[in-house]
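All remarks here apply to the structure that follows.
The values are calculated or read from the model by the stated rules, or taken from the named source; none is laboratory data. These figures come from a predicted structure and were not determined experimentally. Counting neighbours? That spans all protein chains shown, and the Cβs are built from the backbone with ideal geometry, glycine included.
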Amino acid sequence: MFLTQGLAVNEKGHLTIGGCDTTELAAAYGTPLYVMDEQVIRDALKEYVRSMKEFYPQGGRIAYASKACCFLEMYRIAGEEGAGADVASAGELYTALQAGFPADRLYFHGNNKPAGELRMALEAGVGRIVVDNLPELHRLSAVARELGCTADILLRVTPGIDAHTHSFIRTGQIDSKFGLTMENGDALAAVREAAAMKEISLRGIHCHIGSQIFDAEPFIHAAEVLLDFLSDVRTQTGLAMKEMSLGGGFGIAYTAEDQPRPYSEYMAMVSGALKKKAEALDYPLPFIILEPGRSIAAPAGITLYTVGGVKNIPGVRTYISVDGGMADNPRYALYQAEYTVAAASRMNDPVACQATIAGRCCESGDMLQENVSLPDMDSGDLLAVLATGAYNYSMSSNYNRLPRPAVVMVKNGESRVVVRGETYDDLIRNDI
Ligand code: LLP
């Protein structure tokens, strides 16, 4: 069966992750449980950082998009591996700072950052604030003036690229709440305005074209469009910006059908295209920033669930109910996201049914996956949903007042809690 990196099956027929038996993890920490393999996270970061150096020695940075999976230890790991980080709110910024993440390697994103959050970012000394729109630019310059400092910014532009992914997770095309449209001149007008503000230091531009993208072409196209824009700006204003962020979006394998390219291939192709374009435009190669989130966190994670019961409706379907669901992983309910589901406690048993994995929330749509081939399952058996390291914990909720599960990090057969599971007291902490 399809297994992500770091997973194996031991002599007992149990799924293992990072050398730990999943049934032992479930017994030690309870279920539902998020488990993340530290080595897989580090390997992905290392590979990104290494291939940036190899294929783009002109200068670039990998900024881990921490919205994918955000807690103190993720920032510590990203920092240790030499990456920067993308933070999309003051909450993510706060977490990064509490983890001791170097502020100058942070990129502060979001399409509506309130003045208070902009102030917090400036006071912390974040590397770049990615300004999304004119009202935000005005807010930022006012806050910077008040603080008597200069804000180093990138302007987010919308290059109008359709990256052929699920419509909810496309962010680069023209009909987007994000960024300044290039086509109608909004982006150029904002460049002129920002360049004239003395509290603002305009360093470059940013775009993000979508998520879970497998083709290299949209990234190449985006890089070319952005460089064209930089060159246009130089012609029209004399300003030669030196930085360009291409956002994140690299696809990962959720099932055997997904076949992502190695990151180094994207890097080689994008840098090749950039070099050609820069030469043609006679524009100096910019410093580039890439913001992978999913591809760093998702493959490292699995979620473990205990089966509560099996309901067979003859001629209709078989429901296998587990002790988690849309509160810890809303992605099937939101996007019909595909996942591989493994019978973690009976990996060598033959397939005996096609089942729907149902969550425990009071909501018919609370499912984790449909049409899953599994052995006969019983109450007490353990299921694992694979590649849940991104956009699961970070998108979890307390619906039905379910406490969020713990996150356990594993490496070389050892496990440790990196986020404690919520208690009932946590659930009422802010209630009055
Ligand atoms: N940079 C920016 C500005 C972004 O908006 C995002 C993701 C990324 C980087 C990272 O993209 P990644 O490498 O993870 O694809 N909740 C959705 C995904 C939303 C992505 C939003 N932005 C999901 O669960 O699929």
Here are Asn400, Asn392: which of them is over 26 Å from Lys12 (Cα atoms) and crowded, with 23+ Cβ neighbours inside 10 Å? Asn392
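Residue by residue, here is whether (1) free of Cβ contacts under 8 Å to residues at least 24 places away in the same chain; (2) over 21 Å from Gly84 (Cβ atoms); (3) more than 13 Å from the ligand (Cβ to nearest atom) holds:
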residue	(1), (2), (3)
Glu217	yes, yes, yes
Arg261	no, yes, yes
Met267	no, no, yes
Val270	no, no, yes
Thr303	no, yes, yes
Gly308	no, yes, yes
For the stretch 9-30, which residues satisfy the criterion of being under 18 Å from Ala387 (Cβ atoms) and surrounded by 20 or more Cβ atoms within 10 Å (Cβ to Cβ)? Leu15, Thr16, Ile17, Gly18, Cys20, Thr22, Leu25
Those residues of the stretch 206-236 which are part of a helix (DSSP H, G or I) and touching a Lys or Arg at 6+ places or on another chain (Cβ under 6 Å) amount to Glu224, Leu227
Within the stretch 60-110, the residues that are polar (S, T, N, Q), within 26 Å of Leu274 (Cβ to Cβ) and not in a helix (DSSP H, G or I) are none
Which residue, of Leu226, Leu239, is within 16 Å of the ligand (Cβ to nearest atom) and either within 25 Å of Gly127 (Cβ to Cβ) or out of contact with any strand residue (DSSP E or B) (no Cβ under 9 Å at 6 or more places or on another chain) (or both)? Leu226
Name every residue in the stretch 177-188 that is in a helix (DSSP H, G or I) and either within 15 Å of Val225 (Cα to Cα) or within 16 Å of the ligand (Cβ to nearest atom) (or both), in order of residue number. Ala187, Leu188
What do you reckon, is Gly248 in contact with a Pro (Cβ under 7 Å, 6 or more places away or on another chain), crowded, with 20+ Cβ neighbours inside 10 Å and not hydrophobic (A, V, I, L, M, F, W, C)? yes
Please verify whether the stretch 189-205 includes one or more residues that are in contact with a Phe, Trp or Tyr (Cβ under 8 Å, 6 or more places away or on another chain) and not in a helix (DSSP H, G or I). yes
For the stretch 367-402, give me each residue that is of a type in the set (Ser, Thr, Tyr), in a loop (DSSP other than H, G, I, E, B) and within 19 Å of Ile41 (Cα to Cα). Thr388, Tyr391
Considering only residues of the stretch 91-121 that are within 16 Å of the ligand (Cβ to nearest atom) and small (Gly, Ala, Ser), which is farthest from Thr158 (Cα to Cα)? Ala96
Can you tell me which residue in the stretch 99-125 is surrounded by the fewest Cβ atoms within 10 Å (Cβ to Cβ), limited to those that are charged (D, E, K, R) and over 24 Å from Glu73 (Cα atoms)? Arg119
Residue that is nearest to Tyr254 (Cα to Cα) [pool: residues in the stretch 311-332 that are surrounded by 18 or more Cβ atoms within 10 Å (Cβ to Cβ) and out of contact with any strand residue (DSSP E or B) (no Cβ under 7 Å at 6 or more places or on another chain)]: Arg331
On the basis of being modelled with pLDDT of 95 or more, in a loop (DSSP other than H, G, I, E, B) and among the aliphatic types (A, V, I, L, M), does Val126 make the cut? yes
Output the number of residues of the stretch 86-105 satisfying the condition of being out of contact with any Asp or Glu (no Cβ under 8 Å at 6 or more places or on another chain), within 23 Å of Ile288 (Cα to Cα) and aliphatic (A, V, I, L, M). 4
Reported set for the stretch 122-142 where residues are within 16 Å of the ligand (Cβ to nearest atom) and more than 19 Å from Lys198 (Cβ to Cβ) is Val126, Gly127, Val130, Asp132, Asn133
Within the stretch 314-344, the count of residues that are touching a Lys or Arg at 6+ places or on another chain (Cβ under 9 Å), in a loop (DSSP other than H, G, I, E, B) and not hydrophobic (A, V, I, L, M, F, W, C) comes to 5
I want to confirm something. Restricting to the stretch 394-432 and keeping residues that are basic (Lys, Arg) and without any contact (Cβ under 8 Å) to a residue 12 or more places away in the chain, which single residue is nearest to Glu92 (Cα to Cα)? Arg429
Hits in the stretch 47-69 (condition: β-branched (Val, Ile, Thr) and either over 13 Å from Ile288 (Cα atoms) or touching a Gly at 6+ places or on another chain (Cβ under 6 Å) (or both)): Val49
